[in-house]
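Each reported figure results from applying straightforward, stated rules to the coordinates on display, with no laboratory input. Computed from a predicted model, the values in this text were never measured in an experiment. FYI the Cβ positions are ideal-geometry reconstructions off the backbone, even for glycines, and counts take in every protein chain you see.
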There are 2 protein chains.
Amino acid sequence: MSTQTVTQPTTKTVNGVNVTALFETIDAVKKDQELAAFQFRSNNHWIDGGHNRSTIQSFYGCRNEDSTRSEPFMLDADEPPILLGQDKGANPVEFILHALAACLTTTMVYHAASRGIEIEAVDSALEGDLDLRGFLGLSDEVRKGYHDIRVKMRVKSGATPAVLKELAQFSPVFDVVSRSVPVKLEIETY
Amino acid sequence: MSTQTVTQPTTKTVNGVNVTALFETIDAVKKDQELAAFQFRSNNHWIDGGHNRSTIQSFYGCRNEDSTRSEPFMLDADEPPILLGQDKGANPVEFILHALAACLTTTMVYHAASRGIEIEAVDSALEGDLDLRGFLGLSDEVRKGYHDIRVKMRVKSGATPAVLKELAQFSPVFDVVSRSVPVKLEIETY
């Protein structure tokens, strides 16, 4: 950190976030809203039964195809034995909870940094309730996904829970899960 | 597989899914709907900046706390450099695409198995469009999460795309993303 201060004397870091760069990004987007258009991508390959693997590497943002990732992230999903899998990875609905926790945390930390609010620790516990009758097609009245998700975050900070909650709710994944997103699904066979 | 066939001569497997066990599950849930109540969980710990880690192990289902996982799944999330992270993992909105692809694939494969439809290969490509102005709080008219998600699945099977699409749409994560889920967010500080 001291080296960074010497070589970039104007860089300010709060909560591990380069706030100088964050404000530069905000200013740039205010002047040119096309910089805000991002596209994220994932490719998935089925392996067997409940086991499949996603490859995540390229994305578009700030008018550019990103080229900083030399290797893709590989993510395996599977189901536990009771759901007829071999447990070679967390299952898809568990990945939703991970995505939600990660996004609420990062969003809180970034927005706190932008306001000069220091955060020393964040730990969260998530639960998602799901009635398997929806997936199994046994009832039209039971939804297929989670019917309730609970997130408990424990934050070491001088800010109030109300302020931290306001900051966390800028989270894109919180928005995706708590509001609907149009999903266009196309299938071709060969 | 041959050992299993010898010891359980009635086990039928389609697409890597034990269809005998699948039908047993369906029959059991029809008789006792409490077996269908599942709860999945994730704990997340903030590391620094955009970097955090989820630990996924326990879950509840079929009237039992699962005890088959001897080790938790550890999942790191981060942001790429352009989003002020150090790229130590896929980012939260990329995990959403992984969860969606994995769930659509597993759901299609399981439901196809239950109908005796053989699937030889599934590959999918997902794109999610997001306008960063929502996250940055620069516009009330721009949502924070994805405004559109596209899924293209390529399936090697004798079944028609229409049938496969119908099967895939039993997916719990498709339901979570394309419909809203109530998320209860509680924050405490110390």
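Assorted remarks:
- All other residues whose Cβ lies under 11 angstrom from that of A:Gly50 are scored, Lys and Arg at +1 and Asp and Glu at -1, for a net of -4.
- Descending semi-axes in Å of the protein assembly as shown, equivalent ellipsoid built from Cα gyration tensor: 38, 22, 18
- Those lysines that a straight Cα-Cα span of less than 23 Å connects to B:Lys30, excepting residues fewer than 8 apart in one chain: A:Lys144, B:Lys12
- Mean ellipticity per residue at 222 nm, deg cm²/dmol - from DSSP H runs of n ≥ 4 across chain A, formula -39500 (n - 2.57): -9500 deg cm²/dmol
- Under the span-like rule (Cα at least 27 Å along the axis, Kyte-Doolittle mean at least 1.0), DSSP H helices of chain A: A:92-114
- Inter-copy label distances at A:Glu24 (7 Å, Cα→Cβ; nm, one decimal): 6.1
- Projected label distance in nm at B:Lys12 and B:Glu166, using a 7 Å step from Cα toward the beta-carbon: 1.9 nm
- At q = 0.13, 0.15, 0.20, 0.27 Å⁻¹, base-10 log of I(q)/I(0) for the stretch A:15-89 (Debye sum, equal scatterers on each alpha carbon): -0.62, -0.71, -0.89, -1.15
- Take A:Glu166, move 7 Å from Cα toward the beta carbon, and the resulting point lies 5.1 nm from the same point in each other copy, nearest first.
- Calculated on C-alpha atoms, the gyration radius of the stretch B:33-152 divided by its Kirkwood radius gives an Rg/Rh of 1.04.
- A label point on B:Ala125, set 7 Å along the Cα-to-Cβ line, lies at 4.4 nm from each of its counterparts in the other copies, closest listed first.
- Across the stretch A:67-84, the residues whose backbone nitrogen lies under 20 Å from the label position 7 Å along the beta-carbon direction of B:Ala37 are A:82-83.
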